[in-house]
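Enquirer: First, the structure itself, so that you have it in front of you.
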Amino acid sequence: MRLNWQQLACFRAIMACGTTTAAAEMLNLSQPSISSRLSNLEHQLGFDLFVREKGRLIPTAEAHHFHTVALQTLDSLDRAADVAQEIRNGRLGYLTIVSYPGVAMQFLPQVLGEFLENRPAVRVKLQSRSSREIRELFPVNWFDIGISELPVDDTVVDVTPLSFECVMALHPDHPLASEAVLTPALLDGQAFVSVFHEHSTYRQLAEAFAGAGKEWRVILETEYFEAACSAAMRGVGVAVLDPVTARMHAGADIVIRPFLPAIRYGIGILLPKNRQPSLLAQQFFDLLKGRLAPFSQ
């Protein structure tokens, strides 16, 4: 026996209205269509659901028993339809995001706050890992979206690259804080805070100072831009920052200035290569890409 939801909906409407005419109006169907569905349902069930009495349909004892199950089934179908709509609208689901700390600490929570504002049934797991760890873990395929510094092996993930131009951060009392643009000539011999020498920006800065014949005096190396920014805020030295970190900390305790020649820094938004992103993941990807776009050049 295979029943369908149209038959059950028809039965529910007749139980509520008492006549096929009223049930047809409720369901926006013709009266013959309602009668046909009722007849087919009774045939499949093998027992009568109604008896006619003075133009009305009176439920049988069997109908009352079956009504409870029919309502439960229709409620389940309605719930399934609601869930499907919530999933389709990106308002239900689970999202796993892994990111390097530079955007995981402040920027991503801001974007996630915006994303989750009208999605109370969505849960997100945000993990912060170094870009090296992210690149090693990507083939395991346990994330929905990743954000990593480049380069990334695009044979195991789909990469949307973004290129940033780095800036310099200084304490407001630094003697160069009033300069509109910083250069190797101006920073000659100044105390400097940089990310580790393995980082792409380290090499670029070393080449920029060497090309200008100026001294690049690094007194502190950190693993992340976030720590370099904190050092600059405390007057340790001039720090190189990506523009996202700089924007998150711009204010009274720090001065942000451009640097020439330009120091480039690349990150990528990553999606698993061997499976289609969920609707929820695609919606967050679009929002994230849009929020990072103003920093990219």
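The values are calculated or read from the model by the stated rules, or taken from the named source; none is laboratory data. These numbers come from a predicted model, not from an experiment. Note that we place each Cβ from the backbone using ideal geometry, even for glycine, and neighbour counts take in every protein chain shown.
Enquirer: Give the residue that is surrounded by the fewest Cβ atoms within 10 Å (Cβ to Cβ), with candidates limited to residues of region 238-297 that are of a type in the set (Asp, Glu) and closer than 27 Å to GLU223 by Cβ.
Expert: In this case the residue turns out to be ASP253.
Enquirer: For region 28-48, does any single residue satisfy the condition of being within 44 Å of the chain's Cα centre (by Cα) and not in a helix (DSSP H, G or I)?
Expert: Filtering region 28-48 down to residues within 44 Å of the chain's Cα centre (by Cα) leaves 28-29.
Now drop any that are not not in a helix (DSSP H, G or I), which leaves 28-29.
Yes, region 28-48 contains a residue that is within 44 Å of the chain's Cα centre (by Cα) and not in a helix (DSSP H, G or I).
Enquirer: Just a yes or no: is a residue in region 140-151 surrounded by fewer than 19 Cβ atoms within 10 Å (Cβ to Cβ), farther than 23 Å from GLU198 by Cβ and either more than 21 Å from the chain's Cα centre (by Cα) or at pLDDT 90 or above (or both)? Break it down into steps so the answer makes sense when it comes.
Expert: Start the filter on region 140-151 by keeping residues that are surrounded by fewer than 19 Cβ atoms within 10 Å (Cβ to Cβ), which leaves 140-142, 150-151.
Checking the rest, the ones that are also farther than 23 Å from GLU198 by Cβ come to 140-142.
Right, trim to either more than 21 Å from the chain's Cα centre (by Cα) or at pLDDT 90 or above (or both) and you get none.
No, region 140-151 contains no residue that is surrounded by fewer than 19 Cβ atoms within 10 Å (Cβ to Cβ), farther than 23 Å from GLU198 by Cβ and either more than 21 Å from the chain's Cα centre (by Cα) or at pLDDT 90 or above (or both).
Enquirer: Test each condition in (1) at pLDDT 90 or above; (2) under 30 Å from GLU226 (Cα atoms); (3) outside any strand (DSSP E or B) for GLY102 and report the one that comes out false.
Expert: For GLY102, the exception is condition (1).
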